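Below is one structure, written out as structure tokens; the observations come after it.
The values are calculated or read from the model by the stated rules, or taken from the named source; none is laboratory data. This is a predicted model, so every value here is computed, not measured. All Cβ positions, even for glycine, are placed from backbone atoms using ideal geometry, and neighbour counts span all protein chains on display.
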């Protein structure tokens, strides 16, 4: 699955009014793909973005808040792909399975962006994170329909997102043959569904 934007391409305008935040985020995507957050000074970020240093602090409290915003941008990109995939899907278990598949395929096609998300996305597995509303809604629907066990209402979101995160770590850790990657994704989907299923022996995908 191709990335919507290449981190190497300065595709966002740098000087037009109202575009400073987007320019900063684009600069962060480029720089943090090459080095850890702590190794990139704010002065370099604003230089690459083509904005004044004060503009950075107009948008972000500090560099860690900036890194969190970039992680959210990447996660939103994945959520858009999940929403497109699930547009006509109503079964909550199928929707959950599709979401994990999308996350896995994104990791395979966007290794650097995925690694950035994993490094900078602290707190995203929490059920209270706003980007997890879709997963939460699907798990709640699965519980209401009797497909998922009642315990999933409380623990399903961190459980599911932790599995997705672990899958993405595995898929970006090294070069994996396509057939092995597909098998790894499907195995994690099966394990995830069986973990929340109300049926003895698990729920198929």
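Looking at the stretch 131-157, which of its residues are over 23 Å from residue 89 (Cβ atoms) and part of a helix (DSSP H, G or I)? It would help to see each step written out before you state the result.
Step one: filter the stretch 131-157 for residues over 23 Å from residue 89 (Cβ atoms), giving 150-151, 154-155.
Correct list: 154, 155.
Close Cβ contacts (under 7 Å, 6 or more residues apart or on different chains) running from residues in the stretch 114-126 that are at positive phi and assigned to a loop (DSSP other than H, G, I, E, B) to residues that are surrounded by fewer than 21 Cβ atoms within 10 Å (Cβ to Cβ) and at pLDDT 70 or above comprise 123/129. If I filter the stretch 170-184 for residues that are surrounded by fewer than 18 Cβ atoms within 10 Å (Cβ to Cβ) and closer than 14 Å to residue 99 by Cα, do I get at least one hit? Within the stretch 170-184, not a single residue is surrounded by fewer than 18 Cβ atoms within 10 Å (Cβ to Cβ) and closer than 14 Å to residue 99 by Cα. Elements of the type helices (runs of 4 or more DSSP H) sitting completely within the stretch 37-90 and holding at least 3 residues that are closer than 16 Å to residue 121 by Cβ: these cover 63-85.
Out of 116, 93, 100, which single residue is within 30 Å of residue 43 (Cα to Cα) and crowded, with 20+ Cβ neighbours inside 10 Å? Explain how you work it out, then say what you get.
Values: 93 fails: within 30 Å of residue 43 (Cα to Cα); 100 fails: within 30 Å of residue 43 (Cα to Cα).
Residue meeting the stated conditions: 116.
How about the stretch 59-75: which of its residues are more than 14 Å from residue 117 (Cβ to Cβ) and in contact with a helix residue (DSSP H, G or I) (Cβ under 8 Å, 6 or more places away or on another chain)? Don't jump to the end; show me each part of the working.
In the first step, residues of the stretch 59-75 are kept if they are more than 14 Å from residue 117 (Cβ to Cβ); the result is 59-66.
59, 60, 63, 64, 66 - these are the residues of the stretch 59-75 that are more than 14 Å from residue 117 (Cβ to Cβ) and in contact with a helix residue (DSSP H, G or I) (Cβ under 8 Å, 6 or more places away or on another chain).
The residues listed here are 134, 104; of these, the one that is at pLDDT 95 or above and within 23 Å of residue 190 (Cβ to Cβ) is 104.
Checked against (1) in contact with a helix residue (DSSP H, G or I) (Cβ under 8 Å, 6 or more places away or on another chain); (2) modelled with pLDDT under 90, residue 79 passes all but a single condition, namely (2).
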